[in-house]
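Heads up, the thing below is written out as structure tokens.
The values are calculated or read from the model by the stated rules, or taken from the named source; none is laboratory data. Computed from a prediction, not measured in an experiment: that's the story for all the values here. All Cβ positions, glycine included, derive from the backbone under ideal geometry; neighbour counts span all protein chains shown.
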Amino acid sequence: MNYSRREILRYAGLSGAGLLLPSSCARPESRILPSLAPLPEPFQIPLPAIPVLKPVRTDPDADYYDVTVRPANARILSGLDTAIWGYDGIFPGPTIEARTGRRVSLRLRNALSVPIVNHLHGGRTAPESDGYPTDLILPIGGFPHSHMHDPMARIAEGEREYVYANDQRAATLWYHDHRMDFTAPQVWRGLAGLYILRDAEEQRLPLPRADKEIPLVICDRSFDRDGSFRYPSLDPSLRDTPGVDPRYMGGALGDVILVNGAPWPRLQVAGVKYRFRILNASNARRYELQLDPLPRGATSFVQIGSDGGLLEAPVSHQALRIVPAERFDVIVDFSKFPVGSKVTLRNNADSGPAGQIMRFDVVRAERDESSIPSKLSDVAFPRPEDAVTTRVFDFSYQRSTHSWFINGKPYDPTRMDARPKLDTTEIWRLQTDFNHPLHLHLVHFQVLSHSGRPGPYDAGWKDTVDLGPGQTANILVRFAGYRGRYVFHCHNLEHEDMSMMGNYEVV
Ligand code: C2O
Ligand code: CU
């Protein structure tokens, strides 16, 4: 990585961003990268169950995991191998099942040819395990020396142990790569997986469980003629030059929708309630999910949880907008559909092949022991009047440099943008020029206002909030857990890599 930030910006300019971007458009939109392989037929493949990772050892207060990140082949399209990068060689990565109050130690070995970083998204994690973008794990075989101009970088050779305290309530978290400047292509190649944190409060509820509790990891990908993932990297080796073909700097969209790694799968269900933990693991794609057909008077989803765990009370949604990195924990009641129904999970946000996600086939009736309590949890938000300060962050496209900035500045590991005090509450006022899913590490927050009142998808504890063009949101954040350096950024991964990231330090 022998380049400086200024060189990247110059490179982006020289490579013709100005010429390739339609001049009428102020900001680059996300755009579809068409597959060159034939698209698979929808609803042919059963929804895969993502394997749960097994600890290599346990003791009274911790589970220990050893994972090797390595290249592998996946069978995603029929008749073609897809070369992926995977945690233990699988995509999505194996699910880590954790319990509140019980530590997880994750030892990652890097058998790729490039550095990696691991971040537990939604985790309240000590800074040395949080996966700061320059805290690289270099490949086992070494890597030509990198100068990222970050004197604080903690570089590990070959492997690193991440410790997750799980000192937080039950929630659907996920882990993914976070290497500075290369997060988008590395996640696209397969470096993402689920981390399900459970606790006693949630366990006591009569919600659907066991085979009626199913994670749905949704992401889009494009495929090359040979079956490999197609992605517009300037340097496909991902060794030196970051960035994408300037036409995709608004975000790369795939034309194939994968759920748990399978294209447009189907799932046979009984006519009872199911709990789906939905994660949008896409780089840039936003979805609006809806069931089709929907019987008269039925709702698609009853939301019971958000990024940060259970809501206080369930919320019904006809349609559910979910942006990159968000999680929605929902109940779908298939007793509303006659046995024999084929129910499509549609994506109203796209009209092409990506307009559908998967299909549920209601194949039998069954007795339903589960129910949705009207009160789910006690949620103790901080009080807005306790906020000690308000900080304003503007997320905008910077025309002159063809990149994405926060408060007019590109990401720089050596600049601190905010120094909140430990155990204090602040209001952060986030404003955007365009669609930006905004995420803070370490904390969960409450959306106080979202260009007016909190929006329909803002309920509960959030760690990622979606802002549309020209919107402003006030979020209430309590900085608790650890002192140290963390990032906040746009979770459109192309925006993130092209510098829409900032630092804060809890002091
Ligand atoms: Cu999902 Cu900075 O991360
Ligand atoms: Cu963005």
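Counting just the residues of segment 434-447 that are at pLDDT 95 or above and under 13 Å from Leu467 (Cβ atoms), which one comes out farthest from ligand 2 (Cβ to nearest atom)?
The initial filter retains those residues of segment 434-447 that are at pLDDT 95 or above, namely 435-447.
Checking the rest, the ones that are also under 13 Å from Leu467 (Cβ atoms) come to 435-439, 447.
Numbers: Asn435: 7, His436: 3, Pro437: 7, Leu438: 8, His439: 10, Val447: 17 Å.
The qualifying residue farthest from ligand 2 (Cβ to nearest atom) is Val447.
Given the residues Ala200, Ala171, Ala210, which is the only one that is closer than 26 Å to Thr464 by Cα and surrounded by fewer than 21 Cβ atoms within 10 Å (Cβ to Cβ)?
Just one listed residue meets the conditions, Ala200.
Residue check, Phe395 against (1) under 17 Å from Ile322 (Cα atoms); (2) within 12 Å of ligand 2 (Cβ to nearest atom); (3) assigned to a strand (DSSP E or B), all met but one. Which one?
The number of the failed condition is (1).
Taking the stated definitions as given, is Arg230 out of contact with any Asp or Glu (no Cβ under 8 Å at 6 or more places or on another chain) and farther than 30 Å from Lys273 by Cβ?
When the stated conditions are applied, Arg230 does not pass them.
Taking Gly460 as meeting all but one of (1) within 16 Å of ligand 2 (Cβ to nearest atom); (2) buried (at least 23 other Cβ atoms within 10 Å of the Cβ); (3) more than 15 Å from Trp428 (Cβ to Cβ), write down the number of the exception.
(1)
May I ask you to say which residue of Arg296, Arg239, Arg247, Arg285 is crowded, with 23+ Cβ neighbours inside 10 Å, out of contact with any Lys or Arg (no Cβ under 6 Å at 6 or more places or on another chain), not aliphatic (A, V, I, L, M) and not in a strand (DSSP E or B)?
Result of the check over Arg296, Arg239, Arg247, Arg285: Arg285.
Scan (1) in contact with a strand residue (DSSP E or B) (Cβ under 9 Å, 6 or more places away or on another chain); (2) outside any strand (DSSP E or B); (3) charged (D, E, K, R) for the single condition Asp466 breaks and write down its number.
Unmet for Asp466, out of (1) in contact with a strand residue (DSSP E or B) (Cβ under 9 Å, 6 or more places away or on another chain); (2) outside any strand (DSSP E or B); (3) charged (D, E, K, R): (2).
Only one residue in Arg453, Arg415 is farther than 20 Å from Glu29 by Cα, free of Cβ contacts under 8 Å to residues at least 12 places away in the same chain and surrounded by fewer than 22 Cβ atoms within 10 Å (Cβ to Cβ), so which one is that?
Values: Arg415 fails: free of Cβ contacts under 8 Å to residues at least 12 places away in the same chain.
Just a single option satisfies the conditions, and that option is Arg453.
So in segment 470-505, with the set limited to residues that are assigned to a loop (DSSP other than H, G, I, E, B) and either within 11 Å of ligand 2 (Cβ to nearest atom) or β-branched (Val, Ile, Thr) (or both), which one is surrounded by the most Cβ atoms within 10 Å (Cβ to Cβ)?
Going through the qualifying residues, I end up with Met498.
Would you confirm, using the coordinates I've provided, whether Gln431 is at pLDDT 95 or above and either within 25 Å of the chain's Cα centre (by Cα) or surrounded by 12 or more Cβ atoms within 10 Å (Cβ to Cβ) (or both)?
So Gln431 fits the description; yes.
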